[in-house]
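Where a number appears in this text, it was derived from the coordinates with a stated rule and is not lab data. As the structure is a prediction and not an experimental result, all values here were calculated from the model.
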Amino acid sequence: MELKSEKKMKLKVKVVGREREVDYFPGMSVKDLISSLGLTPDICIVVKNGQVVTEDEKIDISDDIKVITAISGG
């Protein structure tokens, strides 16, 4: 019996102006995305299709996603 490997879907995301790809799964939330990028919610803002969204927002593979990280200093 031959097993077919499932091809993982990739979500293209702009992180601080640079395009990255992350593994996508149906039902993925902004919180899941942030985690997969190795970031934490307290240092970034996620923009989905031109709107700032919360961590609980669901992401679709066709969404335009941008992640902006906050920089602080003095």
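Helix-only mean residue ellipticity at 222 nm, the chain, DSSP H runs n ≥ 4 weighted -39,500 (n - 2.57), per residue, nearest 500. What is it?
Dividing the helical sum by the residues of the chain leaves -2500 deg cm²/dmol.
Under 25 Å Cα to Cα from Lys66, which lysines show up? Leave out anything in the same chain fewer than 8 places away.
Qualifying lysines at Cα under 25 Å: Lys7, Lys8, Lys10, Lys12, Lys14, Lys31, Lys48, Lys58.
What is the pair-distance distribution P(r) of the chain, computed from all Cα-Cα distances in 5 Å bins starting at 0, with each bin given as a whole percent?
Values per bin, smallest distances first: 3, 15, 28, 25, 11, 7, 5, 3, 2, 1, 0, 0, 0.
With θ set to phi - 60°, apply the Karplus curve 6.51 cos²θ - 1.76 cosθ + 1.60 along segment 35-48 and write out the HN-Hα couplings as whole Hz, x wherever there is a Gly or Pro.
3J(HN,Hα) across segment 35-48, in whole Hz: 4, 5, 8, x, 10, 10, x, 6, 10, 9, 10, 10, 10, 10.
Report the gain in length on full extension from Asp56 to Met9: 0.36 nm times residue separation, minus Cα-Cα distance, nm rounded to one decimal.
The span from Asp56 to Met9 would gain 14.9 nm if fully extended.
Quick one: 3J(HN,Hα) in Hz for segment 17-31, Karplus 6.51/-1.76/1.60 with θ = phi - 60°, rounded, Gly and Pro as x.
x, 10, 7, 10, 10, 10, 5, 10, 9, x, x, 4, 9, 4, 4
Between Val15 and residues 5 or more places away or on another chain, which pairs have amide H atoms under 5 Å apart, with H built 1.01 Å from N, and which residues are they?
Correct list: Arg20, Val67.
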